[in-house]
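Presented below is the structure to which this report refers.
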Amino acid sequence: MERKDNIQDSNEPKHPRQRVRITTARPSYGERPQYGERPQYGRPQRPQYGERPQRSDRPQYGEKPQYGRPQRPQYGERPQYGRPQRPQYGQGQRPQYGEHAAYGRPQYGKSSYGKPQGRPQNKQGYDPQAKYSMKKRIEYNESHIDPNAPIRLNKFLANAGVCSRREADDFIHAGVVTVNGEIVTELGTKIMRSDVVMFHDQPVTLEKKVYVLLNKPKDYVTTSDDPQQRKTVMDLVKNACPERIYPVGRLDRNTTGVLLLTNDGDMAAKLTHPRFLKKKVYHVVLDKNVTLHDMQQIADGLELEDGPIKVDAVEYAHQTDKKQVGIEIHSGKNRIVRRIFESLGYRVVKLDRVQFCGLTKKNLRRGDWRFLTEKEVDMLRMGAFE
């Protein structure tokens with residue numbers, strides 16, 4: 001069928017309501033963009049499939065530009081951010097078992113046999129890197145001793161580690177001690193430190209002072225020698241030093257806590273004599289709760305079979321457990337803490353001395369020991385520890 005076009009050449013509409021379509025000339029076939037092309041309307045032309053413009057500022061594959069921070073490292077690499085770089089696996093730089101020197105941690109080292117070893121410990125769990133486990137021998141300053149001052153012969157023998165003062169009197173009376181080649185049998189004889197003293201034809205010299213702090217465990221007797229062959233505190237410190245040391249004061253067999261051992265007789269007398277009033281603090285665990293009335297009685301003072309006794313301070317050691325009591329006392333009477341509570345009808349289940357003349361058992365395991373520091377010894381000599 002033949003199509004008839006009724007389109008007139010004039011733009012005048014045939015009817016007033018008829019729309020007028022104004023069209024522009026369409027581009028010819030040759031001017032039209034080809035398939036896959038896109039004209040530039042104020043932005044760059046879209047690249048063809050599989051093509052990507054290589055801009056000079058665009059990073060290549062595997063590269064990353066620097067935006068104010070260091071470039072991201074490749075796999076297996078790690079930049080230095082203020083700490084040493086971690087060694088790579090298989091390069092022979094990886095730390096051995098127990099070694100962390102590259103990360104600021106202490107290096108424990110390897111044994112000579114190539115086997116890794118951890119932090120060295122002994123039977124008592126001694127840690128040489130711990131702050132208070134100081135088992136290295138300390139040479140104390142003895143400038144306070146006057147070399148020209150006379151000294152009693154029995155004290156000289158005791159300070160030399162030969163025997164105690166009472167035993168020295170027996171040896172002097174027996175005539176086995178000579179001073180400058182002459183036999184001395186008179187008790188109370190004073191000599192100079194520069195004199196030549198012989199004991200059983202063996203020269204005697206003064207020993208250097210030693211101060212050992214022990215955290216006494218239970219079932220050990222506080223004595224140098226026990227005739228009943230029981231375990232003594234000397235068994236725990238027998239390898240501490242070659243000098244003859246002895247305990248300062250006494251702790252019951254079932255009492256634990258701070259105990260000082262030394263060969264300094266002057267300091268031992270100063271710390272144990274009641275005239276110097278050295279403070280001792282105990283932690284007491286009882287078989288039942290302690291009433292406030294009894295606590296007040298202890299604070300006010302009690303009358304025991306050997307005389308009145310008054311403590312310096314007493315209070316509960318636990319917020320809820322009234323069986324635990326802390327007590328501070330200066331008296332050095334035998335079993336004084338146990339007798340205080342037994343007089344009020346209590347039985348002491350556990351007794352631990354946590355402080356003696358300012359010395360504590362902090363960071364010291366039960367049964368372990370350490371040497372006192374130079375500062376602690378100076379404080380004891382000056383009497384700063386009450």
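Condition first: touching a strand residue (DSSP E or B) at 6+ places or on another chain (Cβ under 8 Å), part of a loop (DSSP other than H, G, I, E, B), open to solvent by less than 90 Å² (accessible area, probe 1.4 Å) and at pLDDT below 80. Can you find one or more residues in the range 171-183 that meet it?
no
Looking only at the range 370-379, count how many residues are open to solvent by less than 30 Å² (accessible area, probe 1.4 Å) and either touching a Ser or Thr at 6+ places or on another chain (Cβ under 9 Å) or among the hydroxyl-bearing types (Ser, Thr, Tyr) (or both).
Result for the range 370-379: 2.
Does Lys208 count as among the basic types (Lys, Arg) and either over 21 Å from Arg370 (Cβ atoms) or at pLDDT below 85 (or both)?
So Lys208 passes the test.
For the range 269-305, give me each residue that is over 29 Å from Gln319 (Cβ atoms), surrounded by fewer than 18 Cβ atoms within 10 Å (Cβ to Cβ) and either of a type outside the set (Ser, Thr, Tyr) or under 27 Å from the mean Cα position of the chain (by Cα) (or both).
Ala269, Lys270, His273, Pro274, Arg275, Phe276, Leu277, Glu303, Leu304, Glu305
For Glu186, work out the one condition from (1) in a loop (DSSP other than H, G, I, E, B); (2) of a type outside the set (Lys, Arg); (3) under 30 Å from Lys375 (Cα atoms); (4) out of contact with any Asp or Glu (no Cβ under 6 Å at 6 or more places or on another chain) it doesn't fulfil.
It fails just one condition, (3).
Condition first: farther than 12 Å from Val284 by Cα and either buried (at least 18 other Cβ atoms within 10 Å of the Cβ) or of a type in the set (Asp, Glu) (or both). Now tell me which residues in the range 343-363 satisfy that.
Gln355, Phe356, Cys357, Leu359, Lys361 - these are the residues of the range 343-363 that are farther than 12 Å from Val284 by Cα and either buried (at least 18 other Cβ atoms within 10 Å of the Cβ) or of a type in the set (Asp, Glu) (or both).
Looking at (1) outside any helix (DSSP H, G or I); (2) charged (D, E, K, R); (3) closer than 20 Å to Phe356 by Cβ, which is the only condition Lys270 fails?
Of everything listed in (1) outside any helix (DSSP H, G or I); (2) charged (D, E, K, R); (3) closer than 20 Å to Phe356 by Cβ, Lys270 misses just condition (1).
Can you go through Asp252, Asp235 and tell me which one is among the acidic types (Asp, Glu) and either in contact with a strand residue (DSSP E or B) (Cβ under 9 Å, 6 or more places away or on another chain) or under 29 Å from His318 (Cβ atoms) (or both)?
Asp252
Among the residues in the range 331-353, are any assigned to a strand (DSSP E or B), acidic (Asp, Glu) and in contact with a strand residue (DSSP E or B) (Cβ under 8 Å, 6 or more places away or on another chain)?
The answer is yes; a qualifying residue exists.
Take the range 205-220 and flag every residue that is buried (at least 20 other Cβ atoms within 10 Å of the Cβ) and either hydrophobic (A, V, I, L, M, F, W, C) or in contact with a Pro (Cβ under 7 Å, 6 or more places away or on another chain) (or both).
Correct list: Val210, Val212, Leu213, Leu214.
State yes or no: is Asp321 open to solvent by 30 Å² or more (accessible area, probe 1.4 Å) and in contact with a His (Cβ under 7 Å, 6 or more places away or on another chain)?
So Asp321 fails the test.
Only one of these conditions is not met by Glu186: (1) at pLDDT below 85; (2) open to solvent by 80 Å² or more (accessible area, probe 1.4 Å). Which number is it?
The one condition Glu186 does not meet is (1).
If you check Ser133 against the conditions, is it among the hydroxyl-bearing types (Ser, Thr, Tyr), modelled with pLDDT under 70 and either open to solvent by 80 Å² or more (accessible area, probe 1.4 Å) or not in a loop (DSSP other than H, G, I, E, B) (or both)?
No.
Looking at Val258, Val237, which is the one that is modelled with pLDDT of 90 or more, part of a loop (DSSP other than H, G, I, E, B) and either exposed (fewer than 13 other Cβ atoms within 10 Å of the Cβ) or not basic (Lys, Arg) (or both)?
One residue alone meets the criteria, Val237.
The values are calculated or read from the model by the stated rules, or taken from the named source; none is laboratory data. What you see is a predicted model; the values in this text were computed from it and never measured. Neighbour counts run over all protein chains shown; Cβ positions are idealised from the backbone, glycine included. Protein only, heavy atoms only, side chains kept; ligands, DNA and RNA dropped before computing areas. Shrake-Rupley method; radii C 1.70, N 1.55, O 1.52, S 1.80 Å.
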